[in-house]
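The values are calculated or read from the model by the stated rules, or taken from the named source; none is laboratory data. Everything quoted here is computed from the prediction, not taken from an experiment. Every residue, glycine as well, gets a Cβ built from its backbone with ideal geometry; the counts of neighbours run over all protein chains shown. Surface accessibility is based on the protein's heavy atoms, side chains included, excluding ligands, DNA and RNA. Shrake-Rupley method; radii C 1.70, N 1.55, O 1.52, S 1.80 Å.
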Amino acid sequence: MKKFKWYVYFIFILLASLIVSNVYWIFIVNFTKETYDRNCQTNIENVKNDLREKFVNDVKNFLIDVSIPLTFFVRDNIQSNRIYQVEECFNQIVRNKGFKEISFVSGNTIQISTNKKYEGSNFSRFYPEEFSSFQKMTVLNEKNILFVVSPVMNVNEKIGFIIISYDLSQ
């Protein structure tokens, strides 16, 4: 029998350690990559959710900023019996991206609307009944549609309310 020299053992040990270290390296790299991918996906989802919330909040603030002067405009023109100016203003606003409909409700009847088939109808056929009970400007998010309900007040009474619907998906 032939004896192996020490360098053959040394080469064998080097090859075995090289194989073990490569296998270990491959597993560590894959584990690190999977962990990094999971963290990246989580971060991406968090950023998407944060941006979505910021977008919705910005749109809410924008709609409130539009509703305040619109409420005073509607009140002044309704009191002066200039309904055509309110209709024209509603139509101009609805031409902008995102706005779906704007309606003025007095009592339980839709008096003015950008959707003409709503006019003269009971508002509860098209909108939730709770809208009539709001005493201050309210923004509701229902199924990716924002509703702004703004009461139109006379000196000492509520003469109606405006409903603005805004589609967030546009």
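Taking PHE147, PHE62, PHE104 in turn, the Gaussian network model of the chain (Cα-Cα springs below 10 Å) assigns the largest fluctuation to PHE62. Under 5 Å between amide hydrogens, built in the peptide plane, is the criterion, and for GLY160 it picks out VAL152 among residues at least 5 positions away or on other chains.
When the helices of the chain are scored as -39500 (n - 2.57) per DSSP H run of n ≥ 4 and the total is divided over every residue, the value at 222 nm lands at -19000 deg cm²/dmol.
Hey, what D do you get for region 48-127 in µm²/s if you plug the Kirkwood alpha-carbon radius into Stokes-Einstein at 10 °C and 1.306 mPa s? Reported coefficient: 114 µm²/s.
The residues of region 8-117 expose on average 72 square angstrom of accessible surface per residue, using a 1.4 Å probe on protein heavy atoms. Take the Cα of LEU51, step 7 Å toward its Cβ, do the same at LYS116, and the gap between the two points is 4.1 nm.
Our summary gives region 71-149 a relative contact order of 15 percent, counting only alpha carbon pairs under 8 angstrom and 6 or more residues apart. For the pair ILE44 and SER169, label points projected 7 Å from Cα toward Cβ lie 2.3 nm apart. Under a Gaussian network description of the chain, with springs only between Cα atoms under 10 Å, the residue in GLU119, GLU45, GLU34 that fluctuates furthest is GLU34. Within the set (1) 56; (2) 69; (3) 38, the number that percent of Cα pairs over 23 Å apart takes when calculated for this structure is listed as (1).
Across region 29-37, coupling constants 3J(HN,Hα) worked out from phi with the 6.51/-1.76/1.60 Karplus curve, θ = phi - 60°, read 5, 5, 5, 5, 5, 5, 5, 4, 4 Hz, and Gly and Pro carry x.
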